[in-house]
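Chemist: Below is one structure. I have some questions about it.
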């Protein structure tokens, strides 16, 4: 039997980018928060670098409105899905997601980070690497990663087995960083 309110974690950071399947992360963070009697800090990072390909005539104000709107939607999802009995604070910052997640964790004195293993990806991941990987490598506190995906653990197991058979499948991953970010 799990002893509720163990108190190991007082504040849990839950970074979100509004990715599909993020409900799994929220559910896991909620469970950890309930077990430890912890508060939850939900974070959205406005990543302006992901919009560098916009036409020159696009104004920064317009881009910022879109980015802020996406953040509001992502944080509202956390508010709606998280148990009302938990204390929740939401915040938005601007910068490189991995750096800002780690910075907020340090500055806010969080005890644990619960995040998805992937969010927005595609060409951005190919070029920039995985946010979750960078956070795991540089965070000052434990990081719990929750694998996002509709297929669940069966699909994850199949992907892992395929990766073992074909190691070249993962060549698009960024090599480990040397030194501080």
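Chemist: Give the order of 144, 135, 66, 14 when sorted by the count of other beta carbons within 10 angstrom, beginning with the fewest. Working shown, then result.
Modeler: Details: 144 16, 135 22, 66 13, 14 28.
Neighbour counts put them in this order, fewest first: 66, 144, 135, 14.
Chemist: Can I ask one more? Please give the contour-minus-distance gain from residue 87 to residue 141: 0.36 nm per residue of separation, less the Cα-Cα distance, rounded to one decimal in nm. Write down the numbers at each step before the final one.
Modeler: On the way: separation 54, 0.36 × 54 = 19.44 nm, distance 2.02 nm.
Net length gain for the segment: 17.4 nm.
Chemist: Taking square-rooted eigenvalues a ≥ b ≥ c of the alpha carbon gyration tensor, is the stretch 73-113 rounded, prolate or oblate, where a/c under 1.5 means rounded and, failing that, a/b exceeding b/c means prolate? Display every interim value, and only then the final one.
Modeler: Numbers: a/c = 2.83, a/b = 1.50, b/c = 1.89.
Here the stretch 73-113 falls in the oblate category.
Chemist: In which sequence would 9, 44 go, from the one with the fewest C-beta neighbours within 10 Å to the one with the most?
Modeler: Details: 9 20, 44 25.
So the ranking, lowest neighbour count to highest, is 9, 44.
Chemist: Moving to a separate point now. Given labels modelled 7 Å from the Cα in the Cβ direction, how far is it in nm from residue 70 to residue 8?
Modeler: For residue 70 paired with residue 8, the spin-label model returns 3.4 nm.
Chemist: Next up: Between residue 106 and residue 77, how many nm apart are label points set 7 Å from Cα along the C-beta direction?
Modeler: The answer from the label model is 2.9 nm.
The numbers here are math on the coordinates, done by the rules we state, and not lab data. The shown structure was predicted, so the numbers you read here are calculated from the model rather than taken from an experiment. All Cβ positions, glycine included, derive from the backbone under ideal geometry; neighbour counts span all protein chains shown.
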